[in-house]
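Worksheet for the structure shown next.
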Amino acid sequence: MAAPLTLLLIVAVTIRAVLYRSSLAELIAERVEVVSPITAWKRVIEGLALLDLGVSPYSGDVFHETPLIIYLFHFLVDYAEITFMLADVITAVALYFAVRDYNKKVFRKQKFALEADRYPHDCLELIRRPKEMFYIPLKVAMFYLLNPFTILSCVAKSTCGLNNAVISLFILTTIKGNVLLSAVFLCLATYQSIYPLTLCAPAMLYLMQHQFIPVNFRRVSFWWFVTQYLFMFLGSLLVLTCLSFFLLGSWDYMSSVYGFILSVPDLTPNIGLFWYFFAEMFEHFRLFFLCVFQINVFFYTIPLSIKLKEHPVFLMFMQLAVISIFKSYPTVGDTALYLAFLPVWGHLHRFLRNIFLVSCVLLACSALFPVLWHLWIYAGSANSNFYYAITLLFNVAQILLVSDYFYAFLRREHHLTSGLYLKKKDGSEATLVLK
């Protein structure tokens, strides 16, 4: 598998290098679907210019990335293109090894269940085969590296690519079972954009499974592990926060980065749900709906964790999708990260209900984004309602996609315990309904 992966990396880097040298690079860097007020490279350059002049980059309303990002590019600004390509390579390789190790664990667990005769005989066709699982890690790397969303994000030099690299390293270290590195990389991801905090639940559930610690609130071992993980996480976060203070000499970045993410003062159009809604909002209702929208990202963590506590990797996938859809300043780079996991759930295709329709809608929306933007901003023959309509449709399609996979996953798990061909008491065929 080393040769196909190496070839894939070479092809992906070549595509990005060619696009960097093309006239499309500047156009892509201005697209609101690809960059946001937080991740835009233009804003990083302006922050660096202020830093070189001895002025705090957070003194105005231009730069909203974290201090570590600006100091990273203070040294690497001349190698920015290589840095962003390397971030994509790290993400793909980390996902490749994470999925490979996860598949090994799934196959081992499945083998033990077969030997113990835990599966009904009529659902043996649902059992995953080693041959079909062998190429899944490569498909995941391919889905990430060759996804147009990822390529556009890299060519635009969106810092979203760096966030994806950190999250992928968090996923890899979690699946490897390394508690300390998992907490450190989760801390880095949270430090960058707050929302990855919701990944703490699937990480702890997976690591407790790895160490054979039962998820039971009455067990001392459960609370001891939670305390250890949170201590490492919060300790790392404290170190990063203090390091940022020492680099800048002030706490200005707190309001400019985290306050900006949570209060959503910049209503530049993007592929998210916030900008149009709050542009039309009466000011005295703003705080209430802002809390509702922001809580929405974190709210799903508890019910999903309860339902999927035995399947923390699928829970991780669900949480990444929720973050991508409901965060305040999303870009297509966020979407690309969770879409890379779709090959892992390829065995669910027989239970998906709307996959063709949703795929067509996502493709159509991706094509219509620049068209409606041009009609609104340049041609003047449309208005913001047109652009927000396609944004809303794009997010609805993502919600349908994720809920469809959620339904398919739960249905397969139900069949593995109750049998594939369900019957009512009168002998007629039963229909499975997700409630």
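The values are calculated or read from the model by the stated rules, or taken from the named source; none is laboratory data. Here the structure is a predicted model, which is why all the values come from computation and not from measurement. With ideal geometry, Cβ positions are generated from the backbone for all residues, glycine too; neighbour counts draw on all protein chains shown. When the accessible area is computed, the model is the full protein with side chains, heavy atoms only, and any ligands, DNA or RNA have been set aside. Shrake-Rupley method; radii C 1.70, N 1.55, O 1.52, S 1.80 Å.
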From the option list SER244, SER263, SER221, single residue qualifying as of a type in the set (Gly, Ala, Ser) and within 19 Å of THR159 (Cβ to Cβ) is SER244
I'd like the full set of residues that are crowded, with 18+ Cβ neighbours inside 10 Å and acidic (Asp, Glu), limited to region 73-125. ASP88
Counting just the residues of region 272-304 that are closer than 15 Å to VAL322 by Cβ and assigned to a loop (DSSP other than H, G, I, E, B), which one comes out least open to solvent (accessible area, probe 1.4 Å)? GLY272
Of VAL166, VAL179, VAL184, VAL257, the only residue that is closer than 30 Å to ALA336 by Cα and touching a His at 6+ places or on another chain (Cβ under 8 Å) is VAL257
What pairs come up if the first residue lies in region 146-174 and is closer than 17 Å to SER193 by Cβ, the second is assigned to a helix (DSSP H, G or I) and charged (D, E, K, R), and their beta carbons are under 7 Å apart, counting only those six or more places apart or on different chains? CYS160/ASP334; GLY161/ASP88
Among the numbered conditions (1) exposed (fewer than 15 other Cβ atoms within 10 Å of the Cβ); (2) touching a residue at least 40 places away in the same chain (Cβ under 8 Å), tell me where LEU188 comes up short. (1)
Considering only region 309-395, give the helices (runs of 4 or more DSSP H) lying wholly within it that have at least 2 residues that are at pLDDT 95 or above and within 26 Å of PHE134 (Cα to Cα). 312-326, 332-339
Which pairs do you get when a residue that is farther than 20 Å from TYR195 by Cα, found in region 248-262, comes within reach of a residue that is among the aromatic types (Phe, Trp, Tyr) and surrounded by 15 or more Cβ atoms within 10 Å (Cβ to Cβ), reach meaning Cβ atoms under 6 angstrom, with the pair 6+ apart or on two chains? ASP252/TYR58
Filter region 20-38 for residues that are of a type outside the set (Asp, Glu) and either part of a helix (DSSP H, G or I) or open to solvent by 60 Å² or more (accessible area, probe 1.4 Å) (or both) and give the result. TYR20, ARG21, SER23, LEU24, ALA25, LEU27, ILE28, ALA29
How many residues are open to solvent by less than 20 Å² (accessible area, probe 1.4 Å) and either within 14 Å of SER256 (Cβ to Cβ) or free of Cβ contacts under 8 Å to residues at least 40 places away in the same chain (or both) if we restrict to region 39-65? 8
Requiring at least 1 residues that are closer than 25 Å to TYR71 by Cα, the helices (runs of 4 or more DSSP H) wholly within region 170-269 are 179-193, 220-248, 260-263
How about region 348-391: which of its residues are β-branched (Val, Ile, Thr) and open to solvent by less than 50 Å² (accessible area, probe 1.4 Å)? VAL358, VAL361, ILE390, THR391
Return the residue satisfying two criteria in turn: it lies in region 1-19 and is surrounded by fewer than 18 Cβ atoms within 10 Å (Cβ to Cβ) and not aliphatic (A, V, I, L, M), and of such residues it is nearest to PRO67 (Cα to Cα). THR14
